[in-house]
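Read the structure below first, then the notes.
The values are calculated or read from the model by the stated rules, or taken from the named source; none is laboratory data. From a predicted model like this one, the values you see are computed outputs, not experimental measurements. As a convention, Cβ positions derive from the backbone with ideal geometry for all residues, glycine included, and neighbour counts pool all protein chains shown.
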Ligand SMILES: O=C(O)CCC(=O)C(=O)O
């Protein structure tokens with residue numbers, strides 16, 4: 001292990017290669033200032049004076065138990081069209097499942113490095129990876145985040161490869177959100193005039209799932225860095241459980257300002273991803289968002305990325321083109337879309353250019 005006199009050059013070795021993560025910088029190295037690798041250029045940072053920030057309650061909060069089905073469906077489709085982001089309450093996922101998954105996130109990251117590093121990239125499986133920042137080899141400035149990424153392939157694989165510290169909770173969260181995911185997809189498809197989700201559409205809309213455990217340790221200078229840089233997700237929908245500490249921001253309707261997404265007890269944050277923007281031929285919008293760490297407290301979040309399978313070819317639904325819509329996106333093999341996303345640093349909404357006509 002490196003000594004306490006950790007110099008800048010050794011930080012990557014300590015954080016990335018030895019697997020201590022940014023959590024190790026705080027807990028073991030007890031750093032008091034942000035290492036230069038994590039300082040983002042001033043023009044990219046969020047500046048309260050130049051980037052307009054809208055506070056609280058801009059993003060719709062939708063009660064999924066509302067008896068007025070027509071109004072409920074209209075609200076979901078409008079939110080997906082205009083905001084790309086919304087929160088849902090009374091969604092049917094028990095509160096204890098949400099609390100347990102948060103506790104499991106802390107449990108995993110609080111383990112010693114010897115345990116966490118077993119899951120580092122290239123060690124076990126490409127479907128199970130622990131690491132720090134999004135794509136450290138490609139990034140000009142690193143993200144203040146450690147993460148565990150678990151792509152669900154089968155129950156057997158999960159049983160044998162997923163870490164015991166969070167395996168059961170991850171599986172429970174995935175299973176408990178199945179019903180609400182299906183319901184949201186049905187509503188969103190009706191909004192496109194598509195009344196049946198057949199086998200092919202099931203695969204395109206929700207054929208695969210990846211769950212991430214994000215851990216943002218408290219950060220000495222959160223204003224100089226990002227927990228997650230500006231990006232849109234590649235999913236159809238993302239179902240995000242966020243901590244009771246705010247830190248998530250999304251681009252507003254006007255495209256000029258940003259809005260915070262305040263934590264709401266028991267709520268899940270839903271956002272449209274690029275795949276749904278492409279399938280809906282631009283009707284539903286994936287939206288740029290980013291997250292910051294907190295100066296005084298650790299923050300965790302647990303997104304489930306609902307996606308097509310890597311073998312699926314995504315493009316605007318035939319029903320929309322048969323109705324005369326001009327395709328805005330070409331047909332793309334989803335595994336190519338994933339590769340392009342993972343092999344580049346996060347850069348706002350640039351990923352979707354890969355599929356533009
Ligand atoms: O931590 C958050 O609230 C957002 C996380 C996120 O955007 C991501 O993991 O892609």
Q: Please name all residue pairs, on different chains or six or more residues apart, with Cβ atoms under 8 Å, provided the first residue is in region 242-255 and is under 17 Å from residue 80 (Cβ atoms) and the second residue is near the ligand (Cβ under 9 Å from one of its atoms) and modelled with pLDDT of 90 or more.
A: 250/261; 250/271; 250/289; 251/289
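Condition check: at pLDDT 95 or above and either away from the ligand (no atom under 15 Å from the Cβ) or more than 30 Å from residue 96 (Cα to Cα) (or both). Does residue 273 satisfy that?
In short, no.
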Q. Is region 85-96 home to any residue that is under 19 Å from residue 211 (Cα atoms), touching a helix residue (DSSP H, G or I) at 6+ places or on another chain (Cβ under 7 Å) and in a helix (DSSP H, G or I)?
A. no
(Q) Looking at region 335-357 only, could you name the residues that are surrounded by fewer than 15 Cβ atoms within 10 Å (Cβ to Cβ), modelled with pLDDT under 95 and assigned to a helix (DSSP H, G or I)? (A) 339, 342, 353
Q.
Condition first: within 15 Å of residue 210 (Cβ to Cβ), within 21 Å of the chain's Cα centre (by Cα) and surrounded by 14 or more Cβ atoms within 10 Å (Cβ to Cβ). Can you find one or more residues in region 317-334 that meet it?
A. yes
Q. Which one of the conditions (1) part of a loop (DSSP other than H, G, I, E, B); (2) surrounded by fewer than 22 Cβ atoms within 10 Å (Cβ to Cβ); (3) touching a strand residue (DSSP E or B) at 6+ places or on another chain (Cβ under 8 Å) does residue 210 fail to meet, given that it meets all the rest?
A. (1)
Q: Among the residues of region 248-285, write down those that are within 13 Å of the chain's Cα centre (by Cα) and assigned to a loop (DSSP other than H, G, I, E, B).
A: 273
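Could you tell me whether region 183-202 includes any residue that is within 13 Å of the ligand (Cβ to nearest atom) and over 20 Å from residue 80 (Cβ atoms)?
no
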(Q) I'd like to verify a number: residues in region 105-122 that are farther than 26 Å from residue 232 by Cα and either touching a helix residue (DSSP H, G or I) at 6+ places or on another chain (Cβ under 6 Å) or modelled with pLDDT under 95 (or both), how many? (A) 0
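Looking at 154, 125, which is the one that is modelled with pLDDT under 95 and either surrounded by fewer than 19 Cβ atoms within 10 Å (Cβ to Cβ) or in contact with a helix residue (DSSP H, G or I) (Cβ under 8 Å, 6 or more places away or on another chain) (or both)? Give the steps one after another, and end with the answer.
Numbers: 154 fails: modelled with pLDDT under 95.
Answer to the check: 125.
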Q) Any residue at all in region 282-304 that is touching a helix residue (DSSP H, G or I) at 6+ places or on another chain (Cβ under 6 Å), closer than 22 Å to residue 190 by Cα and within 12 Å of the ligand (Cβ to nearest atom)? A) yes
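Can you find a residue in region 283-290 that is within 23 Å of residue 145 (Cα to Cα) and free of Cβ contacts under 8 Å to residues at least 24 places away in the same chain? Give the derivation first.
In the first step, residues of region 283-290 are kept if they are within 23 Å of residue 145 (Cα to Cα); the result is 286-290.
Among the residues that remain, those that are also free of Cβ contacts under 8 Å to residues at least 24 places away in the same chain are: none.
No, region 283-290 contains no residue that is within 23 Å of residue 145 (Cα to Cα) and free of Cβ contacts under 8 Å to residues at least 24 places away in the same chain.
Taking the residues in region 213-233 that are within 16 Å of the ligand (Cβ to nearest atom) and assigned to a loop (DSSP other than H, G, I, E, B) as candidates, determine which candidate is nearest to residue 175 (Cα to Cα).
As a first pass, look at region 213-233 and keep what is within 16 Å of the ligand (Cβ to nearest atom): 213-219, 222, 225-233.
In the following step, the residues that additionally are assigned to a loop (DSSP other than H, G, I, E, B) were identified as 217-219, 225-227, 232-233.
Values: 217: 28, 218: 31, 219: 33, 225: 34, 226: 31, 227: 27, 232: 25, 233: 21 Å.
Here the residue is 233.
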